[in-house]
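Derivation of every value follows stated rules applied to the coordinates shown; laboratory data play no part. Only a predicted model underlies this, so the values are computations on that prediction, with no experimental measurement involved. Positions of Cβ are backbone-derived with ideal geometry, glycine not excepted, and every protein chain shown enters the neighbour counts.
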Amino acid sequence: MAYIEWTDSLSVGVKKFDEQHKILISIINELHQSLSEGRTNDVMSKILEKLLDYTIEHFAEEEKYFIKYDYPETTDHKEKHTKLIDEVVHLKNKLDEGDITISYETMSFLQNWLVEHVLQADMKYKNFFHSKKVD
C-alpha cells in the first residue's frame, strides 16, 4: 500500500496540476519505500533531490497560470511556494551534511506538506480556474 494515496478529494480541477500532484505523491511514496527498505542516506538524498526539482518545476507551472489568468491570490500563493521550497531545501541540506536521517517523522512532514498545501492553498484556485474554463 502506498504511503499517500491519490483520491478525488485532492483534485484541483486542472488536469495538468492534478497529474503533477500525482507525480509528487509518487516521489514521496518512493522515498517512503526507500526508508522502509533501509536504503542509505545517499539513495534517499537523490530521491529528495528529485522531489525538490519536481516541486520547483510544478510551482513554476502553477505560477505561470496565476499570471496568465490574473489569479488574485498570486502573491500569497507564491509566498507559500517559496516557504515550502525553503523547508525542503533545508531538509535536504541537513540530510546531505549528515545532521539528520530520513525518518518516519520526516515522511510525516512531507506528507503533511504536500496534502495540506493541495487541500488548503491549491483548492483556493479550483473555482477560479474553473470560472476561466481552465481544465
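Of the chymotrypsin sites (Phe, Trp or Tyr not before Pro) found in the range 93-135, no site is in coil according to DSSP while having at most 14 other Cβ atoms within 10 Å of its Cβ.
Given R0 = 35 Å, the distance between the Cβ atoms of Glu49 and Lys132 translates into a calculated FRET efficiency of 0.55.
Shown here for the range 100-135: trypsin sites (Lys or Arg not before Pro) in loop regions (DSSP other than H, G, I, E, B) with at most 13 other Cβ atoms within 10 Å, namely Lys133. A crude spin-label estimate for the pair Arg39 and His90, with each label 7 Å from Cα along the Cβ direction, gives 2.6 nm. Placing +1 on the Cβ of each Lys and Arg and -1 on the Cβ of each Asp and Glu in the chain, which of Leu24, Thr74, His58 has its Cα farthest towards the positive end of the resulting dipole? Of Leu24, Thr74, His58, it is Thr74. Sorting the segments 56-68, 15-27 by their residues' average number of neighbouring beta-carbon atoms within 10 angstrom, most packed first, yields 15-27, 56-68.
Amide H contacts of Ile100 (H built 1.01 Å from N, in plane; Pro and chain starts excluded): Leu95 sit under 5 Å, all sequence-distant by 5 or more or on other chains. Residues whose amide H comes within less than 5 Å of that of Val12, counting only those at least five positions distant or on another chain, are Asp18 (H built at 1.01 Å from N in the peptide plane). Taking every lysine pair in the range 16-131 that is 8 or more places apart or spans two chains, those with Cα atoms closer than 17 Å amount to 23.
Looking at [x] 22; [y] 16; [z] 10, which value of percent of Cα pairs over 27 Å apart comes from a calculation on the structure shown? Given [x] 22; [y] 16; [z] 10, the structure-derived one carries the label [x]. For the chain, the relative contact order is 39 percent, taking Cα pairs closer than 8 Å that sit 6 or more residues apart in sequence and dividing their mean separation by the residue count. Computed from point charges on the beta carbon alone (+1 for Lys and Arg, -1 for Asp and Glu), the dipole magnitude for the range 43-106 about its Cα centre is near 140 Debye.
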